[in-house]
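I have placed the structure first, in the form of structure tokens, so that the comments after it can refer back to it.
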Amino acid sequence: MLRALLLLIAVAILVVIGLVWLNVIDVSQYREAKAPTVVAGQAPGYDVKVNPIQVGTTTTNVSVPTVEMQTKQVEVPAVTVGNSQ
């Protein structure tokens, strides 16, 4: 169970890295992080821009093989078991 979870996390990380590498996702930091002081700290800010992805269907001609069944007479092996007396 733990291996499957780790494998799933690894695949998700690789997918995100691939999307960033292909410029589908653009991550840019717009605010620096500050170490917390006694009063307050500041988390870094990021601006994430994602290119639009369109998924749809289209109709096209595809060659599809067909299978036809025919009946033919052929010789097949036969096994006969009889009483040996």
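Summary table
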{"quantity": "Mean ellipticity per residue at 222 nm, deg cm²/dmol - from DSSP H runs of n ≥ 4 across the chain, formula -39500 (n - 2.57)", "calculated": "-8000 deg cm²/dmol"}
{"quantity": "Correct option for Kirkwood radius over Cα pairs in Å [calculated from the coordinates] among (i) 13.0; (ii) 21.5; (iii) 18.7", "calculated": "(ii)"}
{"quantity": "Separation in nanometres of the label points that stand 7 Å from Cα toward Cβ, at residue 29 and residue 13", "calculated": "1.9 nm"}
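Bear in mind these aren't lab numbers, they're just calculated from the coordinates by the rules spelled out. None of these values were measured; they are calculated from a predicted model. Neighbour counts are summed over all protein chains in view; Cβ atoms, including those assigned to glycine, are modelled from backbone coordinates with ideal geometry.
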